[in-house]
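Report on the structure given below.
What follows is calculated from the coordinates using simple rules that are stated; it is not laboratory data. Keep in mind that what you see is a predicted model, and the values were worked out from it rather than measured.
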Amino acid sequence: RFKSSTVKECIHAILKEKLANVQYIPEEMPQLTKSLSETIKDRLKEEGFDRYKMVVQVVIGEQRGEGVNMAARCFWDADTDSYAHDVFMNVSISCFI
């Protein structure tokens, strides 16, 4: 069974490691989001979640004291499908997984 709490811990550890001192530089964000999504996917496979189909979405924004609203809709089987998410912030960026 998919353990979302274990996945969330893994995601949070990656974000903390990779983003702790990152400054928001717009030109660098496309590569950073791609790198983070690949790192998360690869680490979850290493942790034994390779039998699951995964979608990793990374959104990074600049910390400017502004609000953000995001929404997602999925068509899935509530008995077998699940998700994990995390939010990481430092003084310069907000990252939503």
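Extension gain, residue 33 to residue 78: 0.36 nm times the residue separation minus the Cα-Cα distance gives 13.4 nm.
Contour minus end-to-end for residue 85 and residue 47, with contour as 0.36 nm per residue of separation and end-to-end as the Cα-Cα distance?
On the way: separation 38, 0.36 × 38 = 13.68 nm, distance 1.67 nm.
Result for the pair: 12.0 nm of gain on full extension.
Couplings for region 18-33, taken from phi via the Karplus curve 6.51 cos²θ - 1.76 cosθ + 1.60 with θ = phi - 60°, read 8, 10, 3, 10, 7, 9, 6, 10, x, 5, 8, 5, x, 5, 5, 5 Hz in order; Gly and Pro are left as x. At q = 0.14, 0.24, 0.32, 0.34 Å⁻¹ the log10 of I(q)/I(0) for region 1-41 amounts to -0.37, -0.85, -1.12, -1.17, computed by Debye summation with a single uniform scatterer per C-alpha, solvent ignored.
Could you grab the relative contact order for region 4-96? Cα pairs under 8 Å, six or more apart, rounded to a whole percent.
Working: 78 pairs, mean separation 40.5, N = 93.
With pairs under 8 Å counted, the relative contact order is 44 percent.
Its alpha carbons give the chain an Rg and a Dmax of 14.1, 41 Å.
Filter 18/53; 18/45; 3/34 down to the pairs with a C-alpha to C-alpha distance above 20 Å, please. Over 20 Å Cα-Cα: 18/53; 3/34. Coupling constants for region 70-86 follow from the phi torsions by the Karplus curve (6.51 cos²θ - 1.76 cosθ + 1.60, θ = phi - 60°), and in residue order they are 9, 9, 9, 10, 9, 10, 8, 9, 4, 7, 10, 9, 8, 8, 9, 8, 7 Hz; glycine and proline get x. Compared with the alpha-carbon gap, the fully stretched path from residue 71 to residue 59 is longer by 3.1 nm at 0.36 nm per residue.
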